[in-house]
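The values are calculated or read from the model by the stated rules, or taken from the named source; none is laboratory data. Given the structure is predicted, the values throughout are model-derived calculations rather than measurements. Cβ coordinates were reconstructed from backbone atoms using ideal geometry, including for glycine residues, and neighbour counts include every protein chain displayed.
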Amino acid sequence: MPPVANNFKSEISTLIANKDFAGLKARLSTWLPADAAPILSELPIEELAVLFRGCSKQLSAAVFAYLEHDAKHKLLKTLTQAQAAALLNELQPDDRTEFLNQLPLDLAMQLICLLTPEERKITQDLLAYPEHSVGRMMTLDFVSVHAEWTVREALDYIRAHGMDRETLSMVYVTDEEGHLIDDIRLRRFLLSEPDTKVSALMDGNFATLSPTDDREKALQVFRKFDRIALPVTNHHNKIIGIVTADDMLDVASEEATEDIQKLGGSEALDEPYTTIALTKMVKKRASWLVVLFLGEMLTATAMSYFEDELAKAIVLSLFIPLVISSGGNAGSQAATLVIRALALGEFRLRDWWRIMRRELAAGLLLGLILGVIGFLRIIIWSRFSHIYDPSPLLVATTVGTALVGIVLWGSLMGSMLPLILKRLGFDPATSSAPFVATLVDVTGLIIYFTVALLIML
């Protein structure tokens, strides 16, 4: 921990020991909650509980939202029922929903019962939406104005009602029944004449989300329209909440982590690596390892069919790891690039033919590069060794030609498999690099020995 953080932690511990709550409030006010929370999470739970009992509800809720999940759970256990209720009621609806969603159902229901009737209804409504949906992430704290108002009236309304809102960067224009008409950046209000009508600032160019939309779709919409916040509307086009960019940053991080873990040949852990139970992590990693192991067993089966050919030209076995790994590497490259391009929305499934043509060209060129290197390596080495006798030229031609075919095939499989999985409704990240490599290993052997059979035997 950096010296500044150590000093801060020590000062907080001292203030807690002295029960100097005024000093605590003053010291915490110099730190952003997002910076203070990781340091405070390392305090003994008893000290953390004293801090939360003595600080204001607003400060406690701001810091609580950034604490580690385990620290949140332990902290609530040490607080009295009234203190826990005050803290939970003060949390932003989206932060509270995220926390409750990570708890066992029975415990989450107990905590929901501590909420006020109004906050309880909000929480139950948000939890009723599907997991990983926009509805669970949205907040109900937004500001809306009417088109017939003047800029002066709108700003007066914002001053009166905007204090506790999640964000004021976007102001939403609605009719009398709450139907969304437009969204306008706050700076447009600040730079316009006070007597200007709100309707004069409208351009009708806005994007919305549905509460049942998947969070990955929401992330794509945020990227496309470059908004700080997006409104969430129901099927009647009434605005029911907003989703903010800070929540989308968390989603982007979680989705990237999940995809990277799957690309590594493991199920998504769904928990931090350092805190997930060992048995749970082994279970998530073992399933794919078993599948990949069984797949690799097919390699031995494939080799058994070419046992006679190997006996006639044993030198071919020297290049099996080289040739097969090249195909697997090319396939892994293609799979990773295609999966990431899919995630970023760079192309659609209907563009599969364009992707295939691109990988056919890339795979051919890459195969030619590796094939030439392999060919020259054998020819040059044969000048100083007799290991490839009696026909080093045939061995070099076999390896070079096989490399072209295997790398081309690996690139094609690596690019097409994610698209096939996506088409079937599966997560394309499950076509992980090890999985592609395993498939290419088996088929690559067949290509290698078929080429050898045609050229050498």
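Considering only residues that are under 21 Å from Thr208 (Cβ atoms) and assigned to a loop (DSSP other than H, G, I, E, B), which ones fall in region 132-160?
Across region 132-160, the qualifying residues are His132, Met138, Leu140, Asp141, Phe142, Val143, Ala147.
Criterion first (under 22 Å from Asp247 (Cβ atoms), modelled with pLDDT under 80 and assigned by TED's automatic domain parsing to the domain that holds Leu111) does Ser41 satisfy it?
Yes; evaluated as a whole, the condition is true for this residue.
Being in contact (Cβ under 8 Å) with a residue 24 or more places away in the chain and either not assigned by TED's automatic domain parsing to the domain that holds Gly444 or not in a helix (DSSP H, G or I) (or both) narrows it down to one of Ile387, Ile355, so name that one.
Ile387
Filter region 196-231 down to residues that are outside any strand (DSSP E or B), charged (D, E, K, R) and at pLDDT below 90 and give me whichever is farthest from Trp149 (Cα to Cα).
Glu216
Residues in region 378-391: is at least one buried (at least 21 other Cβ atoms within 10 Å of the Cβ) and at negative phi?
As a first pass, look at region 378-391 and keep what is buried (at least 21 other Cβ atoms within 10 Å of the Cβ): 378.
Filter once more, keeping what is at negative phi: 378.
Yes, because at least one residue in region 378-391 is buried (at least 21 other Cβ atoms within 10 Å of the Cβ) and at negative phi.
Suppose the filter is part of a helix (DSSP H, G or I), touching a helix residue (DSSP H, G or I) at 6+ places or on another chain (Cβ under 8 Å), closer than 30 Å to His386 by Cβ and not hydrophobic (A, V, I, L, M, F, W, C); does Gly410 pass it?
Against the criterion (part of a helix (DSSP H, G or I), touching a helix residue (DSSP H, G or I) at 6+ places or on another chain (Cβ under 8 Å), closer than 30 Å to His386 by Cβ and not hydrophobic (A, V, I, L, M, F, W, C)), Gly410 does not qualify.
With the checklist (1) at pLDDT below 85; (2) within 22 Å of Leu219 (Cα to Cα) in hand, flag the one item Val338 doesn't pass.
That leaves (1) as the condition not met.
In this structure, does Glu346 turn out to be touching a helix residue (DSSP H, G or I) at 6+ places or on another chain (Cβ under 6 Å) and among the acidic types (Asp, Glu)? Steps first, please.
Values: touching a helix residue (DSSP H, G or I) at 6+ places or on another chain (Cβ under 6 Å): no; among the acidic types (Asp, Glu): yes.
No.
Could you look through region 107-140, keep only residues that are free of Cβ contacts under 8 Å to residues at least 24 places away in the same chain and small (Gly, Ala, Ser), and pick out the one that is surrounded by the most Cβ atoms within 10 Å (Cβ to Cβ)?
Top of the filtered list is Ala108.
Hey, does region 2-25 have a residue that's under 26 Å from Asp125 (Cβ atoms) and either touching a residue at least 40 places away in the same chain (Cβ under 8 Å) or buried (at least 17 other Cβ atoms within 10 Å of the Cβ) (or both)?
No, the conditions are met nowhere in region 2-25.
Can you name the residue in region 398-451 that is small (Gly, Ala, Ser) and over 17 Å from Ser326 (Cα atoms) and, of all such residues, is modelled with the lowest pLDDT?
Ser431
Of the residues in region 56-91, how many are of a type outside the set (Gly, Ala, Ser), over 24 Å from the mean Cα position of the chain (by Cα) and not in a helix (DSSP H, G or I)?
3
Kindly indicate whether any position in region 407-418 is touching a Phe, Trp or Tyr at 6+ places or on another chain (Cβ under 8 Å), in the same structural domain as Met356 (by TED's automatic domain parsing), surrounded by 21 or more Cβ atoms within 10 Å (Cβ to Cβ) and not aliphatic (A, V, I, L, M).
Looking through region 407-418, none of the residues is touching a Phe, Trp or Tyr at 6+ places or on another chain (Cβ under 8 Å), in the same structural domain as Met356 (by TED's automatic domain parsing), surrounded by 21 or more Cβ atoms within 10 Å (Cβ to Cβ) and not aliphatic (A, V, I, L, M).
Residues are listed down the side, and each one gets a yes or a no for (1) farther than 13 Å from Met170 by Cα; (2) within 19 Å of the chain's Cα centre (by Cα); (3) not basic (Lys, Arg):
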site	(1), (2), (3)
Phe206	no, no, yes
Asp213	yes, yes, yes
Thr233	yes, no, yes
Val251	yes, yes, yes
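Cβ-Cβ below 8 Å, separation at least six or inter-chain, first residue in region 319-343 and within 11 Å of Val407 (Cα to Cα), second crowded, with 19+ Cβ neighbours inside 10 Å and among the charged types (D, E, K, R): which pairs?
Listed pairs, sorted by first residue: Ile324/Asp441; Gly327/Asp441; Gly328/Asp441; Ala334/Glu359.
What is the one condition in (1) among the aliphatic types (A, V, I, L, M); (2) under 28 Å from Pro117 (Cα atoms); (3) assigned to a helix (DSSP H, G or I); (4) within 29 Å of the chain's Cα centre (by Cα) that Ala36 does not satisfy?
It is condition (2) that Ala36 fails.
Taking region 141-200 as the search range and keeping residues that are polar (S, T, N, Q) and under 24 Å from Ile122 (Cα atoms), which one is surrounded by the fewest Cβ atoms within 10 Å (Cβ to Cβ)?
It comes out as Ser169.
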